[in-house]
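What follows is a single structure, written as structure tokens, with notes after it.
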Amino acid sequence: MRVSKMFFQTLREVPAEAEIASHQLMLRAGLMRKLASGIYSFLPLGYRVFRKIEQIVREEMDRAGAQELIMSALLPAEAYQASGRWEVFGAEMFRLKDRGGREFCLGPTHEEIFTDTVKSVTRSYRSLPLTLYQIQTKYRDERRPRFGVMRSREFVMKDAYSFDRDEAGLDISYKNMYDAYCRIFDRLGLDYIIVDADTGAMGGSGSQEFTVKSSIGESVIAYCEACGYAANDEKAECIVQKGCGEEKCEELNLEKVATPDARTIDELMNFFGCSAKEFAKTLIYKADDKVVAAMVRGDRELNETKLQNILGCIELEMADSETVEKVTGAAVGFAGPIGLKIDVIVDSEVAEMKNFVVGANETGYHYKNVNINRDFKATIVKDIRTIKEGDPCPKCGAPVKVEFGIEVGHIFKLGTKYSKALNCVYLDENGKENPMIMGCYGIGINRSMAAVIEQNNDENGIIWPIAIAPYHVIVIPVNTTDSVQMELAEKIYSELMAKGVEVMLDDRDERPGVKFKDADLIGIPIRITVGKKANEGIVEYKRRKEKDFTVISAEQAIEMAKREVEEGCAVK
Ligand code: ATP
Ligand code: MG
């Protein structure tokens, strides 16, 4: 490609709305353009990368025996109504009506549609196992679209669905996808970690996320360097350390204390002169139509996913102050478990505490020396807190590490959730109907692209791995008015193309500094500069990821580039 003819633009300034490296660089390098919040177009350079990622995903899905098809993005409501997700998706689903008033959505994910399709085609156990996939556009009206294509409202997902006769079959299909995902993310050059994930209130027997460690990631992952355990914070189980400090084991008398100006944990710590660990927070939640209380230690975070799973509710949100006042009889900040008429879900750690402080359900008062069972009863005692750095690993007890990550892929054992709801059955050897056992497997193509940039950039721009670079090589003649330089540059350009290497020729009449800057910004892995020594057939050969260049003959440069591209694109 001749740069003079290319439809692209690079920006020197960092676009104001872009907070993270990948978003800034995708805009600055002219890979994409914003149309509206969470909606982007890919420009030619960006689309080349996008297609390469898509192709790697496709090759590995095909290699794993999955069959590609494509479904519409505009979907009738019925299948989602049958599974209950027409409601569950809530505001995240883009909904619309046709001229006849019939309801449709723009598909956020396609479990229902695949289930419905397989149901109409596959009847016999002989046709199973089966894995189907598509690489297709999804729509989600995210509460907070941000970070460019990392969390957008329109994005492309590779979504695959497996159909098996039994759990043992599902285990094999799942492992098959797991292995394919490892090959995909290896080929994309990503450094990732596979973490156990929550399967949600609706069931499912296992789920894992492929996560790229990154400080800007929105997933929180806990992992143990001692035993290799890794899970996201929705899933990571918290272990209770039994017993209490010896001097505090004896139950003291319950006391009501006037705490007029103390509502928050910080204010209470000041007032009582003790640590947050000696308080238990009572949080009031709305779970669908029910109001419940949930208790965690003063220094802990309540984990809403864990609580939601225990309650089996669809919607869970903190109650508004009006509701809090109604159920506790006190202003916000004074809720406590004693005398509450609603269910109280108590974190397993709180159940081990002695003589702690809680709100008194009376404005301006707290209780101290509170003890569970003696002073109040828990409806349920369970782990409902979020794991923290240093907490014991649920597998081996060593302190865990906690870091942020970007979820790029997700594999999930669904079981019969959708096949039962949509009656997707097969006939076994005895002619008996059974629901198919399903799995689903997603990869975000756009998000993976952004994640690669997050992990591969420097102050000058993107550093693409060869396998997905928009072009492999850029040839830069320093002076385009010098016919010797131009001739050699053209020769290298055409010879590389003839060898199957993807090349850009920066034939623009620009200062060399501008060309070098652009080449670095867009992250082309190999740069061949043709300058004053063109008359001797000598060029500079530089890799984007290295600082120094080497001075070699044009022939050597061509050979070296060809070899490196072959190695970089090789499929192991
Ligand atoms: P998240 O927790 O980040 O919202 P999710 O659990 O909703 O993700 P899945 O429904 O499992 O995601 O979707 C599969 C894959 O699709 C994700 O692993 C991610 O790569 C991608 N993905 C999901 N939502 C978005 C989005 N809004 N923008 C870009 N990619 C997305
Ligand atoms: Mg989501």
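Just so you know, all these numbers are worked out from the coordinates, no wet-lab data involved. Keep in mind the model is a prediction, meaning the values are calculated, not measured. All Cβ positions, glycine included, derive from the backbone under ideal geometry; neighbour counts span all protein chains shown.
Quickly run through region 126-160 and pick out the residues that are touching a residue at least 12 places away in the same chain (Cβ under 8 Å), more than 8 Å from ligand 1 (Cβ to nearest atom) and in a loop (DSSP other than H, G, I, E, B). Before the answer, list the steps.
Keep residues of region 126-160 that are touching a residue at least 12 places away in the same chain (Cβ under 8 Å), which gives 127-143, 145-160.
Imposing the further condition that a residue be more than 8 Å from ligand 1 (Cβ to nearest atom) reduces the set to 127-137, 139, 141, 143, 146-148, 154, 156, 158, 160.
The answer is 128, 129, 141, 143, 147.
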Of the residues in region 397-409 that are surrounded by fewer than 24 Cβ atoms within 10 Å (Cβ to Cβ) and either of a type in the set (S, T, N, Q) or closer than 15 Å to residue 150 by Cα (or both), the one that is nearest to ligand 1 (Cβ to nearest atom) is 407
Those residues of region 85-96 which are within 17 Å of residue 421 (Cβ to Cβ), charged (D, E, K, R) and more than 16 Å from ligand 1 (Cβ to nearest atom), in sequence order
87
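Kindly check whether there is at least one residue in region 97-106 that is closer than 19 Å to residue 438 by Cα, away from ligand 1 (no atom under 16 Å from the Cβ) and either part of a helix (DSSP H, G or I) or in contact with a Pro (Cβ under 8 Å, 6 or more places away or on another chain) (or both).
As a first pass, look at region 97-106 and keep what is closer than 19 Å to residue 438 by Cα: none.
Scanning region 97-106 turns up no residue that is closer than 19 Å to residue 438 by Cα, away from ligand 1 (no atom under 16 Å from the Cβ) and either part of a helix (DSSP H, G or I) or in contact with a Pro (Cβ under 8 Å, 6 or more places away or on another chain) (or both).
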Pairs needed: first member in region 531-553, farther than 19 Å from residue 521 by Cβ; second member anywhere, part of a helix (DSSP H, G or I); C-beta distance under 6 Å; at least 6 residues apart or different chains.
534/484; 534/485; 534/488; 535/484; 537/554; 539/554; 539/557; 541/557
Residue 80: passes all of (1) over 28 Å from residue 452 (Cα atoms); (2) out of contact with any helix residue (DSSP H, G or I) (no Cβ under 7 Å at 6 or more places or on another chain) but (2)
Here are 165, 144, 95: which of them is surrounded by 13 or more Cβ atoms within 10 Å (Cβ to Cβ) and under 29 Å from residue 184 (Cβ atoms)?
165
Taking only region 366-380 into account, find how many residues are out of contact with any helix residue (DSSP H, G or I) (no Cβ under 9 Å at 6 or more places or on another chain) and within 15 Å of residue 293 (Cβ to Cβ).
6
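What do you reckon, is residue 435 without any contact (Cβ under 8 Å) to a residue 24 or more places away in the chain, touching a Cys at 6+ places or on another chain (Cβ under 9 Å) and over 30 Å from residue 150 (Cα atoms)? Can you show your working first?
Working: without any contact (Cβ under 8 Å) to a residue 24 or more places away in the chain: yes; touching a Cys at 6+ places or on another chain (Cβ under 9 Å): yes; over 30 Å from residue 150 (Cα atoms): yes.
So residue 435 fits the description; yes.
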In region 543-572, anything of a type outside the set (A, V, I, L, M, F, W, C) and in a strand (DSSP E or B) is listed as 543, 550, 553
